[in-house]
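Structure first, commentary second.
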Amino acid sequence: MRCARSRRMLSLEIDGLLDADRRAALAAHLETCADCRRFREALARARVAIHEVPRPETPPHLAGSTLARHAQTPAAMRTNGAGRAPIARRILAGLPGAAMIALCLGVSALLTRGMVYPARGSLETDAYIAQAAPVNEKGPGREPHATVTGEELRHAVQAAGGELRLIEVEPGTGRLLGLEIAAPARDIRAATRAVAHLTGGAVEIPFLPAERFGSRIRITVRLRP
Amino acid sequence: MEPPVTQPSPEELVRSQVDRVYRLCSRLVANTDDAEECAQQSLLRALERLPSFRGRSELSTWVYRITVNVCRNFGRRDRLMRQRHLYGRITTAEDSLPLASRYESPEQVLSRVESDAAVTRAIRSLPYRQRAAVVLREMEGMSYSEIARTLRMPAGTVRSTLYRARRTLAHALEGVRP
């Protein structure tokens, strides 16, 4: 018999749960194993020490105070006896959370209602609406619903020394929303001006370049709606 | 069809179980104040759930199960609170034991108190399930099947849990006077 098994059996022996055969096998092992004999003695010592710890005295007021507290608890506040609150109470308890989630969803729907997620436009011959309506009727070259093709934009930017990298359009309407232009720092203004000229001047240029790589700058210009 | 169960009145339940509930709580939680609080919570919970008691087990086993769960949850909360340094010290057997006895010299009393404190510390340092199993077996005298029902574990797990607990205690209490 291995010592690990013998020690497990010693724990069962304490509780009188060993049959005669296993008791005999254990006794045979103990005769030859001093470690397991020491373990049995340690188990017995620990057990005696545990049993000698005096029983704590129950505070005399505990039963009375518990009954008083129980009597003070309104019946409606108690659970229904199955350890769970009644179904109506559980539904009511969940209402504030549900209301908060609904409120968050509503607010986010309101905030994103007017948002347009742009699509990528072709840089070729597709035509886009450069200006949906005149922003300022006194401005030069402002015609409602003026159209411009991707190719025209690309050539204009190239002529100014830059490169048209991306066209963003409004899905469904084809309205031009923005352009990404890359150009050397000295040409970026000319490239932007070329875009402004083609699109009727309604161009918003970001205050700072979006990204600088080497001597070139990449910016995204937005067209005013 | 199950025969109808005669349920004790709230007063009968509390009076018949208060001692064993408090005793169990005082072994499972860190100090006497916590033990009193846990005992009261356990009895209140038992009173609330009394209508659902079907008599499938002994009333005492049913109350023990509630108590073990209350103490475990209290221990978790207590550990979190202690980690945040909000309150508390762990009291030991010295807090609750009498320091004078007609039949013992002061040295004997001191030795006994130290021994009991060591045992209490050793038991409280066990993992919760081992602690509950060893307290139910050694201090409350419950059978393996009752412990299995109380702790909701298979009988084989009770055997191995008790063995591990006893092995740890045997090592921890090696120097303690029996």
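The values are calculated or read from the model by the stated rules, or taken from the named source; none is laboratory data. Model, not experiment: these values are computed from the prediction. Cβ placement follows ideal geometry from the backbone for every residue including glycine, while neighbour counts extend to all protein chains displayed.
For the range A:35-46, the criterion of a residue being loosely packed, with under 13 Cβ neighbours inside 10 Å and over 27 Å from residue B:140 (Cα atoms) is satisfied by at least one position. Among the residues making up the range B:132-147, those that are small (Gly, Ala, Ser) and surrounded by 24 or more Cβ atoms within 10 Å (Cβ to Cβ) are B:132, B:133.
Note on the range A:2-60: residues that are part of a loop (DSSP other than H, G, I, E, B), at the interface with another protein chain (Cβ under 7 Å from one of its Cβ atoms) and aliphatic (A, V, I, L, M) total 1. Candidates are the residues of the range B:22-48 that are out of contact with any helix residue (DSSP H, G or I) (no Cβ under 7 Å at 6 or more places or on another chain) and at the interface with another protein chain (Cβ under 9 Å from one of its Cβ atoms); the one that is farthest from residue B:7 (Cα to Cα) is B:23. In the condition set (1) within 9 Å of another protein chain (Cβ to nearest Cβ); (2) surrounded by fewer than 22 Cβ atoms within 10 Å (Cβ to Cβ); (3) in contact (Cβ under 8 Å) with a residue 24 or more places away in the chain, residue B:167 is compliant with all but (3). Looking at the range B:32-54, can you tell me whether even one residue there is assigned to a loop (DSSP other than H, G, I, E, B), surrounded by fewer than 20 Cβ atoms within 10 Å (Cβ to Cβ) and either more than 13 Å from the chain's Cα centre (by Cα) or modelled with pLDDT under 80 (or both)? Checking the range B:32-54: at least one residue is assigned to a loop (DSSP other than H, G, I, E, B), surrounded by fewer than 20 Cβ atoms within 10 Å (Cβ to Cβ) and either more than 13 Å from the chain's Cα centre (by Cα) or modelled with pLDDT under 80 (or both). For first residues located in the range B:49-60 and more than 14 Å from chain A (Cβ to nearest Cβ), partners that are of a type in the set (S, T, N, Q) and lie 6+ apart or on another chain with Cβ distances below 7 Å form the pairs B:60/B:17. Taking residue A:68 as the residue in question, decide whether it is at pLDDT below 85 and within 13 Å of another protein chain (Cβ to nearest Cβ). In short, no.
Residues in the range A:148-180 that are of a type in the set (Asp, Glu) and farther than 11 Å from residue A:122 by Cβ: A:152, A:163, A:168, A:170, A:180.
Filtering B:83, B:108 for residues that are modelled with pLDDT under 60 and over 16 Å from the mean Cα position of the chain (by Cα) leaves a single hit, B:83.
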